[in-house]
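J.: Below you'll find the structure I mean.
A short reminder: the numbers here are calculations on the coordinates, not readings from a lab. Predicted model only: the values in this text are computed from it and were never measured. Because the Cβ atoms are built from the backbone with ideal geometry, glycine has one as well, and the counts that use them run over all protein chains shown.
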C-alpha cells in the first residue's frame, strides 16, 4: 500500500491530473493512449507467450515424465502371490504345509527417538537393540525388523503405543507338523520360501509355482479397483508332492534308531528302508537330526543327509558283491572250497578273521555265513582286479544312484591301477572302497530282483491343488547286473547267515530273513585306520523269497559291543518286525505259541 | 375516322369461398414451453452420462465387495491350513505313541500277542469287498478319508 505524502489530499492529486490532461493536445493524448495500449498488448502477448511456452514444455518435453508420474499415481502393479506346494507321505498324510504368519516392519521416518524405539522393541523380538537402531535409517519409509514372528510376539508388539511406527505384513511360512520326522528327506526352505535342502530343493520349480502379475487403477486411498484390473500373468500355485516315504515306517525307523543310539552309545546312525522291487524309499532316518522349521539353530553339518551324501567303508556287507561277482563271472563255483588259515600274509600286511570258525576249508556260503575276511580276500584274488572292478561298477558303486534328493555322492572307487598292496583283497571284504548307504542298499537289492538293479527314488507323484495327478514318477529303468541264478544263490547265502551265521540276531519269528552283517574300521584322515572306532551295520531283506522290505542299519562308533551282528542286527529285527505288522504281511511259518501263564 | 370503343362492363360476382384445406393455416402458438424442451434435451443428453456414472459406481462398489470377500477368503484359507497342520501334528505317530505309552500305560505288542488268521484263497477271493458303513460314508463326504490312509501299504 502506497502512502500518500503528508499534507496532500486525494482532491489535490485529481486536480493535478486534470490540469495535466487539459494541457495535452488531442494528438498527444491519442499517442499516449496508443503507446499505453501497445505496452499493455506487448505485456499480454509476452504473458501469453510464456503460458504457451510452458504448455509446450509440459506437453512436449515433459510429457513422458509427467505421464509416468500420473500413471504411477493412478495405477498400481501387483504381484499375485501363489502358494507353495505341500508335501504328503505315500498315504496322503500331511508332512509339509504353509502357515500364514506376521512379519514386523518399522517406518523409520515416523520414529522420532530411534534409541527409545529400539530399546522397547528389541526384547520382544529377541534382537540386539543396536542392530535395530542400525537398521532405522531416518530417510527410509520401510525396513524389516523381523520376519515370520510368532503370534505371541505379534500380540505383544501390537500392545505397544507405536502407531504408525511399527506394522505387520502377512507372509507364508513352511509348517512341519511332524517336526523332526524325515527332516533329511524333506529338507527346508529359506526366509523367502526358496528350497535350500532335501526334496524342497530338488523339486523347487514344481513346488514354487508361478506368481501372477496384474495392473489395476487405485482409488483415493490406494486400494485397487478390481473392475479396472488387467492380468498380465495368471498365477499358478505350486504343485503338491506325494513321497514314497511312509510316515509310520519313518517313525518306526527313527524311534528304533534313537533307541539303538541310546543303548550302544553310538555317535551317529542311519536307517534306510526300501521297497526292493520298485526302489521306493519308505523311510530314511538319520541321527542326529534337526527340525526343518528351525534348521538355523543347529550346525550345518547336521543338515547333510548322510544316507546319500556321506561315504563310508561298508565292511563285510560288501562281501555280497564279492560273492556275486565271483559266481556271476564263473571264476568261483558254489562248491569250490577255500583254505582256512589263521591269517593271510600279503607282503607286510596280514589279513585275519575276528572269529576263527574253521580250520581246514570253507565254501563261498561259509564265507558269507561267518563273514570271513580271509575267505573273502581269497575269493577276490580268484576273481581278479579287472573283473572285480567291472562288477563293482556294474552294481553302481562310484556313481550316484540318481535318487531325487540333492547332494548325492558317488562314493570313492579307485581304478584297479590304484589298488596298491593288498587293495584287491581288502576291497573283497569291504575296506579300501567307499560307498554311500543308499548305494549299498540299492546294489544289494539287485539280489532280490533276480539280478536287476532298480534305481531308488523318494517322490511318488506330483499332484495339482485339487488333488489330480499331474505326473506319476515312475521308477527309472532297471538294468541287469548279474544273472537271476547268481542273485538267488547269494540270497540263499544271506538267509543262511541269519539262520546260522553272524546275523542270527536279525531273525524274526515267522518270517524268513536274508541278511549280512558288517563291521568296518574307520579310516584315519592321515591314512590307516582308527583304533577302536568302528561302523557297525546290517543289511537285510524280509520276507524271503519275495521281500517287501530292504533295510540297512548303520551305527557309527558304538561303544562296548561294536559288531554289526550284535548292535545293528537287533535294530533291523525291531524295525522289520514292526513294519511287517504295520503292513499286515502275514508270517510264513506258524508263530510260536504264547508262554503258558501259571 | 371515328372508332368506336368497345365498351366493357364488369359486374360484381360473388366468388365461392376457397376450400378450407387450401387456406393457409394460421400459425398456432405452441403450447410447449421452450424451457421444458430444453430440459428434455438436456435430460436426453445427460441420461447416458448418468447411467455411465451409475454403472461405474456400482462396479466400484462390487469391486470393493469382492476385495473384501477375497481378503475374508484368504483369512479363512489361512485358518483352514493352520487347522489342517494342527490336525496333522495331533495325528503324528510320535505324539500318539508318547500318549499311549506314557499316559495310558500301553506297550507295543509282543510276538506272542500276534496271530495270523489264515484264509483259504478261494474263500478270500469269493468274499465281496466290505461295503462302507454310514459313518464311513459321512466321513468320506466330509473329507475325512485320511483317517483310513494309514492302512495302505507299499
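J.: Based on Cα coordinates alone, diagonalise the gyration tensor for the range A:225-361, multiply each eigenvalue by 5, take square roots, and list the semi-axes in whole Å, largest first. Mind showing how you got there, number by number?
T.: Numbers: eigenvalues 497, 98, 46 Å².
Here the semi-axes work out to 50, 22, 15 Å.
J.: Follow-up question, since we're still on this one. Could you calculate, for the range A:177-241, the ratio of the Cα radius of gyration to the Kirkwood radius, expressed as Rg to Rh? Could you put the intermediate results ahead of the total?
T.: Numbers: Rg = 17.4 Å, Rh = 14.3 Å.
On the Cα set of the range A:177-241, Rg over Rh gives 1.21.
J.: Now a separate question. Under the rule a/c < 1.5 gives rounded, and otherwise a/b versus b/c splits prolate from oblate, where does the range A:71-228 land using the Cα gyration tensor? Mind showing how you got there, number by number?
T.: On the way: a/c = 2.48, a/b = 1.30, b/c = 1.91.
Since a/c reaches 1.5 but b/c is at least a/b, the shape of the range A:71-228 is classed as oblate.
J.: Where the centre of each part is set by its Cα atoms, how far does the range A:181-212 sit from the range A:562-585, in angstrom?
T.: Answer, in whole Å: 32.
J.: To test your reading of the geometry: what angle, between 0 and 90 degrees and rounded to tens, separates the Cα axis of helix A:247-264 from the longest principal axis of chain A?
T.: 60 degrees
J.: On to the next question. How far is helix A:26-56 tilted, in degrees, relative to the longest principal axis of the Cα atoms in chain A, given as a value from 0 to 90 rounded to the nearest 10?
T.: In chain A, helix A:26-56 runs at an angle near 10 degrees to the longest axis.
J.: Quick check of the Kirkwood formula: for the range A:144-191, what is the inverse mean of 1/r over all pairs of different Cα atoms, in Å? Don't skip to the end; give the middle numbers.
T.: Details: mean 1/r = 0.0753 Å⁻¹.
It is 13.3 Å.
J.: Counting only Cα, what are the radius of gyration and maximum Cα-Cα distance Dmax of chain A, in Å?
T.: 40.3, 156
J.: Cβ neighbours within 10 Å, averaged per peptide: list A:230-243, A:79-92 in order, most packed at the top. If you can, show how the numbers build up before the last one.
T.: Details: A:230-243: 17.9, A:79-92: 20.1.
By packing density, highest mean first, the sequence is A:79-92, A:230-243.
J.: Turning to a different aspect of this structure: List B:134, A:549, A:44, A:453 from most exposed to least, where exposure is judged by having the fewest other Cβ atoms within 10 Å. The partial results should precede the final answer.
T.: Working: B:134 7, A:549 26, A:44 10, A:453 22.
Fewest to most other Cβ atoms nearby, the residues stand as B:134, A:44, A:453, A:549.
J.: Can you list, largest first and rounded to whole Å, the semi-axes you get for the range A:409-565 by taking the square root of 5 times each eigenvalue of its Cα gyration tensor? Let's see the in-between values first.
T.: Working: eigenvalues 178, 94, 64 Å².
Listed largest to smallest, the semi-axes of the range A:409-565 are 30, 22, 18 Å.
J.: Under Stokes-Einstein, with the Kirkwood radius over Cα pairs standing in for Rh, what whole-number D in µm²/s applies to the range A:137-228 at 25 °C and 0.890 mPa s?
T.: Details: Rh = 17.1 Å.
Roughly 143 µm²/s, to the nearest whole number.
J.: While we're looking at this one, here's another question. Over the Cα atoms, compute the radius of gyration (one decimal) and Dmax (the largest Cα-Cα distance, rounded to a whole number) for the range A:449-533, in Å.
T.: That works out to 20.1, 57 Å for Rg and Dmax.
J.: Ok, one more. Please give the calculated 222 nm ellipticity per residue for chain A, where each DSSP H segment of at least 4 residues contributes -39500 (n - 2.57) and the sum is spread over every residue; nearest 500 deg cm²/dmol? Walk me through the intermediate numbers first.
T.: Values: 19 runs with 204 residues, N = 598.
Helices in chain A give a 222 nm mean residue ellipticity of -10000 deg cm²/dmol.
J.: Next question, about the same structure. Gap in Å between the Cα centre of the range A:466-487 and the Cα centre of the range A:223-274?
T.: Computed from Cα coordinates, the inter-centre distance equals 22 Å.
J.: I need to check one value: relative contact order of chain A, counting alpha carbon pairs closer than 8 Å and at least 6 residues apart, in percent.
T.: Details: 1192 pairs, mean separation 76.8, N = 598.
Relative contact order, chain A: 13 percent.
J.: Give me the compactness ratio for the range A:54-129, meaning the Cα radius of gyration over 2.2 N^0.38 Å.
T.: Details: Rg = 24.0 Å, N = 76, 2.2 N^0.38 = 11.4 Å.
Its radius of gyration relative to the 2.2 N^0.38 Å reference: 2.10.
J.: What is the order of A:581, A:144, fewest Cβ neighbours within 10 Å to most?
T.: Values: A:581 16, A:144 12.
Sorted ascending by nearby Cβ count, the order is A:144, A:581.
J.: Given the alpha-carbon gyration tensor of the range A:103-160, what are the semi-axes of its equivalent ellipsoid in whole angstrom, ordered largest first, with each equal to the square root of 5 times an eigenvalue? List each step's numbers first, then the result.
T.: Values: eigenvalues 63, 28, 21 Å².
Over the Cα atoms of the range A:103-160, the ellipsoid semi-axes are 18, 12, 10 Å.
J.: Listing A:215, B:41 from the residue with the fewest other Cβ atoms within 10 Å to the one with the most, what is the order?
T.: Values: A:215 15, B:41 10.
Taking fewest neighbouring Cβ atoms as first place, the list is B:41, A:215.
J.: When only alpha-carbon atoms count, how far does the range A:306-453 stretch along each of its three principal axes, as whole angstroms with the largest first?
T.: 49, 35, 27
J.: On to the next question. Indicate, rounded to the nearest 5 percent, the antiparallel portion of the DSSP beta bridges found entirely in chain A. Walk me through the intermediate numbers first.
T.: On the way: 78 of 81 bridges.
About 95 percent, rounded to the nearest 5.
J.: Give the average over all directions of the projected area of the C-alpha convex hull of the range A:522-588, one decimal, in nm². The partial results should precede the final answer.
T.: Values: hull surface 22.5 nm².
Projected over every direction and averaged, the Cα hull of the range A:522-588 covers 5.6 nm².
J.: What is the calculated FRET efficiency for residue B:90 to residue A:291, with r their C-beta to C-beta distance and R₀ = 25 Å, to the nearest 0.05?
T.: Values: r = 18 Å, r/R0 = 0.71.
E(calc), rounded to 0.05, equals 0.90.
J.: Highest mean first, how do A:309-320, A:477-488, A:383-394 rank when packing is the count of other Cβ atoms within 10 Å averaged over residues? Mind showing how you got there, number by number?
T.: On the way: A:309-320: 24.8, A:477-488: 16.6, A:383-394: 18.4.
So the peptides A:309-320, A:477-488, A:383-394, ranked by packing, come out A:309-320, A:383-394, A:477-488.
J.: Helix A:385-394 versus the longest principal axis of chain A: what is the Cα-based angle in degrees, 0 to 90, to the nearest 10?
T.: The two axes meet at around 50 degrees.
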